[in-house]
Structures are given as structure tokens and as C-alpha cells.
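Peer 1: Sharing a structure here in C-alpha cells format.
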2 protein chains.
Amino acid sequence: MTMQAFDELMAFQRDTEALAQIAGRLSWDQETMMPRGAADQRSDERAAMEAVLHQRRIDPRVRDWLEAIPGDDLSEHDRAKLRLIRRDHDRAAKVPERLATEIARTVSRGHVTWAEARADDDFAAFAPVLSEILALRKEEAAALACGGNLYDALLDKYEPGARGEDLVAMFGALRPRLVALREAVLSKPALPGLTQSFNERGQMKLARLLAKTFGYDFHRGRVDKAVHPFSSGSGDDVRITTRTVPLDPFNCLYSTIHEVGHAAYEQNVDPSYRLSPLGQGVSMGVHESQSRIYENQLGRSRAFCGWLYRQMRDTFGDFGIPDEDTFYGAVNQVRNGYIRTEADELQYNLHVLLRFDLERALVAGDLEAIDLEAAWNDRFLADFGFEVDKPSNGVLQDVHWSAGLFGYFPTYTLGNVYAGCLHKSLTAAVPDLDAQLAQGDTSAATAWLRDNLQQHGSLYQPRALIENATGSAPSEEPLLRYLETKFTALYDL
Amino acid sequence: MTMQAFDELMAFQRDTEALAQIAGRLSWDQETMMPRGAADQRSDERAAMEAVLHQRRIDPRVRDWLEAIPGDDLSEHDRAKLRLIRRDHDRAAKVPERLATEIARTVSRGHVTWAEARADDDFAAFAPVLSEILALRKEEAAALACGGNLYDALLDKYEPGARGEDLVAMFGALRPRLVALREAVLSKPALPGLTQSFNERGQMKLARLLAKTFGYDFHRGRVDKAVHPFSSGSGDDVRITTRTVPLDPFNCLYSTIHEVGHAAYEQNVDPSYRLSPLGQGVSMGVHESQSRIYENQLGRSRAFCGWLYRQMRDTFGDFGIPDEDTFYGAVNQVRNGYIRTEADELQYNLHVLLRFDLERALVAGDLEAIDLEAAWNDRFLADFGFEVDKPSNGVLQDVHWSAGLFGYFPTYTLGNVYAGCLHKSLTAAVPDLDAQLAQGDTSAATAWLRDNLQQHGSLYQPRALIENATGSAPSEEPLLRYLETKFTALYDL
């Protein structure tokens, strides 16, 4: 009788996971294939699909099944599945229908308002709806937190088990050393960069070569172009997108490696987990650790840059960079900039830390939405040493808050921290990693990540997963050491 | 209170329609974009989506809402919506869950078996599963028919309100005159055809030009390549596919016009019907009337062929056809052939009539599955005057029966009959149609079809729709007159 409940729940969940894959592919289609005139109809379609998924998450039968299954005698895998199903059900059931609907409606309006405000460089036009979104998200957080910390309740959605307080300590250790490293690097002469234009065909050819080089399985995926690169789907249908900018081929190439990191995580999950709660990456932070270690610790290493330089010469001929060392510098240039998504490895986390501190203050009620622009500009000046010139280069640059995504930003830096830990263990496990990367061979590195992390899907909690893979608790120290070593050498500090 | 029931039902139905659009796009994706390795996962996704749609169709709330709404005081539109919802609900509710599941499972196996049997040219390998599928479909038909005619119950799914008996009379009038016309034409010397190869780029360029020329709205659609051309979707997202064959550019060009006919029907439905039961084409037969009148009566006319000849000259240069008249003959060549989908306008319906008579005999129990091959071959010889050489050119050529689609074939010929009726009215309404087509201008013709037929979506029953548009009951006579006139002139009979 109890195993019947288990089997019924798993069959129900399997359909839910399959429907979630369809919903995800609908987003992929929207960004890559959808005719422009279909936008309104698509909103209706997505809303209908979301309603179906929501109804399944709060379906009372899920609660009944969960209660009918005793905890003992279950395998580790089955316990993990039940834990994840219960988590989803509880989160969904705690949020009143009215609130969920109001959030969806306000966020939709918020997104449009944000886009207009950004185009007009007018933060005041966005502040009122941001204030509404914030209030609704806080109400949701209160429903989820059951008396606990509001920010943690939001963060938990993207990074199960993470606590804001732990991140404050970790990020607090990152900030001064990153600021100091940044100042030291920018006091030195700039490294030469690219100056030519690179045709789209060559960029896309190299992007495909890089995807293959990093183990992307084209038989179970495809590469298309989109305005913003992303990875979509789980299991046997994981698609990525990239983009080309004539003067900046690194945008295309490193976006591709980044998305392949996300996609490889999904493609390498144990096939027996497919369409189960274990069948996808476990958190945003762990996902970002994979995209970033592929992109940065591997893809932007001196060894791999040597190989990539030769590929670019083969594709584009002489493009004004005389040798591998100069190319390595061009790939890793550190320059002043306003925009998070365009930031280099060194400065990227400073952009995230700024957002993390501001959004915690917003959720705690220590900062009002209307005061966010001033707070942003002050903090930016403090960490980056120059003034924000306009809101579209500052507080209005990111879509996240307009979409109600509070608690999402810190997972970017957590991912980088995890990548630092994993890289430390990886280099110990594969002593001749650099020699392999210099030949464009990532197979030992990606196999290590697959075996120690990716294959497990959502079986373990994020923090435990990293601990299992690295043998020690996550720490910011490996990332800092890595960055300090790399940029000290590169800029001759 | 009753209007609340109406509103709730319409909101529910709107989500159902939106989900049906998503399910349709999933099929589109499978034929155009899906990575090959995703096939198994996709089966699970589609099954989950079908289960959601099925559950919504049989949802007991639909019955409750329908009962709570009184019939009086409703507009014609609202009455039509309720009629269509009730029809879907009743059909779905009449079929026991067990039977629906068994049909799905057997059809899935049937399709695989058919594909293998066709590759091996071995009908005996397919006959047993065909027999199972037939028995299950007959069981379904009995559940639907409630004592009425079994074949009509199957036919009704594709052509609401149609009756096999009426088609027997109509098709009985078609057959002898088509056989006689075919024999007369094939006793004359063959017309010259194309002999060169045509590059893919030029074919696709012309395909897009033709789509535009026939009024396809690219802003709310897109054209891709697929193994089998099709049209997919309703409202603001209607996509078509085509294919290219180097030696046969007419395959690409006329497939495109054909699919544009289907797509234009969907795109031209009154926008206020979007995501309602009225928001799509009303039946397979009416749909086929649009694809066929675009493709044949307009696209293969002497006038339009003149314009198309000049476009092909512009695109490919001299391709061995000296003038417009010769080109018109090449487009409309009549040749012996085994395959329905490759048949010309004259012979096409003979292929359909053969299938219609055989499947009626199967459903009536007058013919056993195991005897189908012999019956096919006899009938083919009788109508076409030569022997079938192998099952893949005969009884195994079409996918339909392996998919359980009994009652589907006659809608093809019904569509051609409807196209004949519509064409007769169209030429009366647009006296200078040929002069317009000679300039590549289809706007008056497509506007007439839009205003008199397409815009109504599913508001009227199929037969009533044709009667409203043409002013008289559907008849095979206009199609026969059109074909006899056209081919008598072309072949100098």
C-alpha cells in the first residue's frame, strides 16, 4: 500500500518534470524562434502552462502520498526525491493563491516599466513599482519563512539551505582583497586588446569547436543565436545560445564556454535520474560554479589560451596579436566598467557584492526603493573608484529586481567561490592539467567534474555536494588565492 | 450565477486552447529543431502533455458548467462555443480511460512496426498489429456512436457532421469520370518536364516569395525545412515547413503554397476568436479546401504559371523550358505513379477513393486486415491500369492506418470537392481573376476566401460554412468540370 503511494507519487512527479521541460523549451523558443507577432499569445500560453505546473505543485494528492510513505526502508535516492518533492510542495502551498497571482501581475508590469525607465535613464519612474514588487516579495518571504529570516526565505529558492548570514561572512572576506587587487592592477599599464573586426561565420565556427572541446553533446543539444546567451533544458534536450559582436569575439567564445558549463552539468546528470526530482542541477550557485570553472579557471587559463590563440589564427589569420602571452593578456584584460555582465573575472564579484548588500538592506527595511539609486551610486564609487554616469549604467542595468528576483544575485558569487574550491581540488587530482589544456584537451578536467559533481544532479544538498567533491567546507580562500596569483603574474604586481 | 458559469468555463477553455497550442508547437519542434538524442525524452513529454489535455477535456467541471448555462439569451458566437466544448467533452468522456490508453500504446507500436514493414516491403509483418488497431478503433467507434454507424463516428472526429453514406454518393460520382479522364490523358503524348537541377538557395528564395505572394504573414509565422511539409499552430503563431529536392523544385514550391493555404486559414480567423473554440479551422476537409485551392486552382492555373515562370527564370536563368505554355504543361504533367502524395491534381482523388472504400470495408467487417494487401492491389489495377510492384508503393505507403487514423482519408477528397465549389464562386465574384494571377497578384482571391470562409474559424459547421460561402450545397460537379476543362485543353483531348 505504501509502495503504491510511492509509485503513484513518482509517476505524477515524472509528468510534472516532463511538463516543466516543456515550459522551459517554450522560453527557449521565445528567445530563438518565435515570430515577433506571437508575443501576446505566448504570454497567454505561458500563463496557462505555469498554472498547470502550480496546480500540480500544490495538488493535495502530493501531501497525501507523502504522508502515506513511511521514511524507513527507503534508499538514499528515494529519500532525496521525497525531500525535494516535499520542499517544492511546501513552498508552493505556503504562498496564498491571491499573493502568487498579484506577484505575477506586478512583476509583469514591473518588467515593462523597468525597460522603459532604463531606456529613459529615469530611476524615479521605476521606483514605485519596484517598491510594490519588494513589498509583495517580502509578504511572500514572510509566508515562507514562518517566523525565520525573510532574506533567507528568498535566497533558499535559488540556493537551498544557504543563509544570508553565512554569505555575509564569506563575501565580507572577499571584498577588501578584491578591492585591493583591483586597485593594484588598474595602477599598472593597460594590456593590449583586440582592435580588429571578426566575422560572424568564424566566430560561430569557433564557438562550435569550443562547445565540442568542452564536451557539449550535440546529439542531445543544439546551439542557436539569441540576444542573451543562455542554457535551457535538462536530460537529453539541453540547448544553448550564444551571440556574436564583430569587435568582441571573446563575448561569443566565452559566453559559449560559460553556457556549455551549465549545459554539461545538465547533460552529465546520471541518466537514471531523468525526469525525476534528481534529474537537474541542484542550485543556481552550483550551476554557476560549473559555468564559471569552464569559462574562467579552464577557458581563461594561460595554457588553454595558448591553444585558443592557435585556433583563432587558423580561423582569422593574423589579427594583430603577436603571440600567445599577449593573447592571454587580451583575454584577461582588466578595465574600468559599469556593467556586471561585461566585467572581468577580477571585478565581477564586486558587482555582485554591491547588489547583495543593497537587496538585503531593501528586504530588511533598512533601505527604501526610492533611495536605491543614491545608495547604489555611493557604493559603486567606494568599490570602483569612479562615479556612475547614468542609471542605465548603474541601478537600472540588471533585469533581476524588476522580475522580483531578490536573493538571486549572491548565487553568482557563491558559484565563483565554489568554482575556486573545485579548481583547487581539480588541479590536485589532475597534476598535468595545464599540459592537457595547452593541447585543447579538457577531457580529464571535465571528467573529474562529471564524476565528482555533475552526475549527482540534485541528490545532495548544494553545500554537501561541494564538500563531497572537494573534501572540505566551501571557503572563499581558494578563489582569492587563484585571482591574486593570476593577476599578480599577469600585471607584474 | 449562470454568467459566472459561462465565464469560468471560457477561462478554463482558454487555458486548454493555450495548452493545445503548446502541444502543437512541441510537434513542430520535434520535426524541425529537436536534437536527435532527445527522442525518448520527448515521448515522455508529449505523453504528459496529452494527459493534461485529456484530463481537461473530461474534467467534470466542464459538464457542471455546461449544465449551469441556459441556452437562451446567448449570442450565436457563444452558442457555437458551447456546442464545440460540449462536443469535445462528450467525445472524450465516452471513451473509457482503459481503451484510450490501450489505443495510444498499440498505435505507438503500430507505427514502429509499420515503418519496419515498409522498409522490408513485408505487409504480413504489419497485418497483425493493424488488426489490433482496427479492433480498438472499432471499439472506440462503438462507444462514440451509441448505436449509430461506426465509420461515421470515426469520420466525425475529422469532419464534424459528415456521413459516410453522403460521401459514398459523392465519391461514386467522381470515380468513373476521373478514371475516364485519366485514361484519355494518358493515351496522349507526355508533356515535357524539368530535366535540370535547381539549387536549394534559389528554391527557398522562391518558396518565401510564394508564401508572401499568397498572403502568408511572416510577422506571425516562420518557414523552416522538414522532411514532410506541414503547417502548425493557430492565431498569431502559425508556422509552416517545406523541403527541397534538387531535381524537383515544384515539390518545394507547391508544398509551400499548399501549406500557406492551411496557414492562411489559421492566420485569417477573426482575431477576437483567438484561444477560444472558434479560433481555428473547423475541419480537416475545409482545411484541405484552402490548401488545395491555393495550390491548384490558383497556383497551378495557366495565369499564375506565367508569372511563376518569369520568377523562375529570374532566379535560375534558362532552365530548359522555352515558354510559359510549356512551363504550364510541366507544372501539370500527368504521369503514372504509385504514390498518393506525389500524385497530380487529376489522379490524386483516385488514390483517396481507393483508401476510403477499403477502410470502410475494414470498419464494416467486410474485409480483414490480412486481406488488405490483395484488395488494395486489385483496386489499384482496376483504377490505374497497372500493377502495384511492392507494398511500399502500395498498401504500406501511408502512415495513417498505422496511426489508427481511420476516417481521415476522405477529408482529402472532400477538401478538393469544397475547393471546386469555392473556386466556382470565386471566379464569379472576381471576374478578372486570371488577369490578376498573371501579374502574381492573389490579393483579391485570398481576400474573398478570407472574408467568405477563413475569418469564421469554427463558428459554422463545415457543410454550412461552404454553403454560406458558395450559396449552394456542396457538390462534386464543379471539381469535375474544372478538371475536365483544364486537362482537356492541356492535353488537347
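Peer 1: May I ask you to verify whether A:D371 is surrounded by fewer than 18 Cβ atoms within 10 Å (Cβ to Cβ), closer than 29 Å to A:E266 by Cα and acidic (D, E)?
Peer 2: No: the conditions fail for A:D371.
Peer 1: Another question about this same structure. Please work out if A:D248 is touching a residue at least 40 places away in the same chain (Cβ under 8 Å), surrounded by fewer than 18 Cβ atoms within 10 Å (Cβ to Cβ) and within 26 Å of A:L275 (Cβ to Cβ).
Peer 2: When the stated conditions are applied, A:D248 does not pass them.
Peer 1: Considering only the stretch A:170-189, state which residues are loosely packed, with under 13 Cβ neighbours inside 10 Å and either among the small types (G, A, S) or not assigned by TED's automatic domain parsing to the domain that holds A:K486 (or both).
Peer 2: Selection gives A:G172, A:A180, A:S187.
Peer 1: Follow-up. For the condition outside any loop (DSSP other than H, G, I, E, B) and free of Cβ contacts under 8 Å to residues at least 12 places away in the same chain, what is the one hit in B:S272, B:S289?
Peer 2: The conditions single out B:S272.
Peer 1: Looking at A:E50 and the list (1) surrounded by fewer than 15 Cβ atoms within 10 Å (Cβ to Cβ); (2) more than 26 Å from the chain's Cα centre (by Cα); (3) closer than 30 Å to A:V269 by Cα, which single condition is not satisfied?
Peer 2: (2)
Peer 1: Within the stretch A:14-32, count every residue that is touching a residue at least 40 places away in the same chain (Cβ under 8 Å), of a type in the set (A, V, I, L, M, F, W, C) and facing chain B (nearest Cβ under 7 Å).
Peer 2: Looking only at that region, the number is 1.
Peer 1: Also: If I filter the stretch B:134-149 for residues that are assigned to a loop (DSSP other than H, G, I, E, B) and within 21 Å of B:F356 (Cβ to Cβ), do I get at least one hit?
Peer 2: Yes, some residue in the stretch B:134-149 is assigned to a loop (DSSP other than H, G, I, E, B) and within 21 Å of B:F356 (Cβ to Cβ).
Peer 1: Condition (residue is surrounded by fewer than 17 Cβ atoms within 10 Å (Cβ to Cβ), of a type in the set (S, T, Y) and at pLDDT 95 or above) applied to the stretch A:213-227: is it met by at least one residue?
Peer 2: No: zero hits.
Peer 1: If you don't mind, there's one more thing I want to ask. Taking the conditions exactly as written (under 21 Å from A:Y491 (Cβ atoms), among the small types (G, A, S) and assigned by TED's automatic domain parsing to the domain that holds A:S443), does A:A303 satisfy them or not?
Peer 2: Judged against the criteria, A:A303 is a match.
Peer 1: Would you be able to say whether some residue in the stretch B:336-357 is crowded, with 22+ Cβ neighbours inside 10 Å, more than 22 Å from the chain's Cα centre (by Cα) and touching a residue at least 40 places away in the same chain (Cβ under 8 Å)?
Peer 2: no
Peer 1: Here is a check on your reading of the model: is A:A429 of a type in the set (A, V, I, L, M, F, W, C) and surrounded by fewer than 24 Cβ atoms within 10 Å (Cβ to Cβ)?
Peer 2: Here the answer is yes, as A:A429 does meet what is asked.
Peer 1: Looking only at the stretch A:95-147, how many residues end up being without any contact (Cβ under 8 Å) to a residue 12 or more places away in the chain and in contact with a helix residue (DSSP H, G or I) (Cβ under 6 Å, 6 or more places away or on another chain)?
Peer 2: Residues flagged as without any contact (Cβ under 8 Å) to a residue 12 or more places away in the chain and in contact with a helix residue (DSSP H, G or I) (Cβ under 6 Å, 6 or more places away or on another chain) within the stretch A:95-147 amount to 1.
Peer 1: Let me ask something else. Out of all the residues in the stretch A:162-204, which are free of Cβ contacts under 8 Å to residues at least 24 places away in the same chain and among the charged types (D, E, K, R)?
Peer 2: Within the stretch A:162-204, A:R163, A:E165, A:D166, A:R201 meet the criteria.
Peer 1: So which residues in the stretch B:459-493 are β-branched (V, I, T) and in contact with a helix residue (DSSP H, G or I) (Cβ under 7 Å, 6 or more places away or on another chain)?
Peer 2: B:I466, B:T470
Peer 1: Keeping to the stretch A:388-398, report how many residues are assigned to a loop (DSSP other than H, G, I, E, B) and over 14 Å from the mean Cα position of the chain (by Cα).
Peer 2: Adding up the residues that qualify gives 7.
Peer 1: Condition (residue is more than 7 Å from chain A (Cβ to nearest Cβ) and on the phi > 0 side of the Ramachandran plot) applied to the stretch B:54-74: is it met by at least one residue?
Peer 2: There is at least one residue in the stretch B:54-74 that is more than 7 Å from chain A (Cβ to nearest Cβ) and on the phi > 0 side of the Ramachandran plot.
Peer 1: Are any residues in the stretch A:210-259 more than 10 Å from chain B (Cβ to nearest Cβ), under 18 Å from A:G457 (Cβ atoms) and under 17 Å from the mean Cα position of the chain (by Cα), and if so, which ones?
Peer 2: A:S231, A:S232
Peer 1: Check whether at least one residue in the stretch B:268-279 is of a type outside the set (S, T, N, Q), touching a strand residue (DSSP E or B) at 6+ places or on another chain (Cβ under 7 Å) and away from chain A (no Cβ under 13 Å), and report yes or no.
Peer 2: no
Peer 1: Before we move on, is A:E102 within 14 Å of another protein chain (Cβ to nearest Cβ) and within 30 Å of A:P229 (Cα to Cα)?
Peer 2: Judged against the criteria, A:E102 is not a match.
Peer 1: Does A:D44 satisfy the criteria of being at pLDDT below 95 and crowded, with 16+ Cβ neighbours inside 10 Å?
Peer 2: Against the criterion (at pLDDT below 95 and crowded, with 16+ Cβ neighbours inside 10 Å), A:D44 qualifies.
The values are calculated or read from the model by the stated rules, or taken from the named source; none is laboratory data. All of these numbers come straight from a predicted model, not from anything done at the bench. No Cβ is skipped: glycine too gets one built from the backbone with ideal geometry, and neighbour counts run over all protein chains shown.
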